[in-house]
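Next up is a structure, given as structure tokens.
The values are calculated or read from the model by the stated rules, or taken from the named source; none is laboratory data. This structure is a prediction, so every number in the text was calculated from the model and none was measured. Note that each Cβ is placed from the backbone with ideal geometry, even for glycine, and that neighbours are counted across all protein chains shown. Accessible surface is based on the protein model in full, side chains and every heavy atom, while ligands, DNA and RNA are left aside. Shrake-Rupley method; radii C 1.70, N 1.55, O 1.52, S 1.80 Å.
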Amino acid sequence: MTASPLVPVPIPDRVAVMIGSCMPVHILQAEIDAECAAREVSLFRGPLCAEDRADREHALAVLARANKVLAAYDPRLMVMPRRHR
């Protein structure tokens, strides 16, 4: 976990736990779901077969649902899909 997505400064685990203890459990779960879905979406590249397209769409749907929960709590928590370089 990092302090900011713009400047990747690692934060100690105890600080992350303290921050997490101040947030509702469903928000923490949505954050985890969004991060996992964004990572999964970034894995799909190039021409995709039908099954891969379906998997990518499912991951995008999970990301959208998690972002909806996160945006209701704080819009700055929303997670965007990453692009492969």
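Using only the alpha-carbon atoms, what does the chain span along each of its principal axes? Please give whole angstrom values in decreasing order.
So the three principal-axis extents are 43, 26, 18 Å.
Nothing charged except the Cβ atoms of Lys and Arg (+1) and of Asp and Glu (-1): what's the magnitude of the dipole of the chain about its Cα centre? Round to the nearest 20 debye.
Magnitude of the dipole: close to 300 debye.
If r is the Cβ-Cβ distance from residue 17 to residue 82 and R0 is 25 Å, what FRET efficiency results, to the nearest 0.05?
Approximately 0.50, to the nearest 0.05.
Right, something else. Keeping the other protein chains in place, figure out the carbon and sulfur percent of the accessible area of the chain, with a 1.4 Å probe.
Numbers: 4000 of 6550 Å².
Answer for the chain is 61 percent, counting heavy atoms of protein chains only.
Further question: Can you give the FRET efficiency for residue 25 and residue 52, using 1/(1 + (r/R0)^6), R0 = 25 Å, r = Cβ-Cβ distance, to the nearest 0.05? Intermediate results must be reported in sequence, preceding the final value.
Values: r = 33 Å, r/R0 = 1.30.
After rounding, the FRET efficiency stands at 0.15.
Hey, what do the phi angles of the stretch 29-41 turn into as Karplus ³J(HN,Hα) couplings, whole Hz, using 6.51/-1.76/1.60 and θ = phi - 60°, x for Gly and Pro?
3J(HN,Hα) across the stretch 29-41, in whole Hz: 5, 5, 5, 5, 4, 5, 4, 5, 5, 5, 5, 5, 4.
Between residue 72 and residue 45, what is the label-to-label distance in nm when each label sits 7 Å out along the Cα-to-Cβ direction?
3.6
Then there is this: Could you work out the helix-only [θ] at 222 nm for the chain, with each DSSP H run of four or more residues adding -39,500 (n - 2.57) and the total divided by the number of residues, to the nearest 500 deg cm²/dmol?
When only DSSP H runs of four or more count, the value is -20500 deg cm²/dmol.
Tell me, what HN-Hα J-couplings in whole Hz come from the Karplus equation 6.51 cos²θ - 1.76 cosθ + 1.60 at θ = phi - 60° for each residue of the stretch 63-78, using x for Gly and Pro?
Each residue of the stretch 63-78 in turn: 4, 5, 5, 5, 5, 5, 5, 5, 5, 5, 7, 6, x, 6, 7, 4 Hz.
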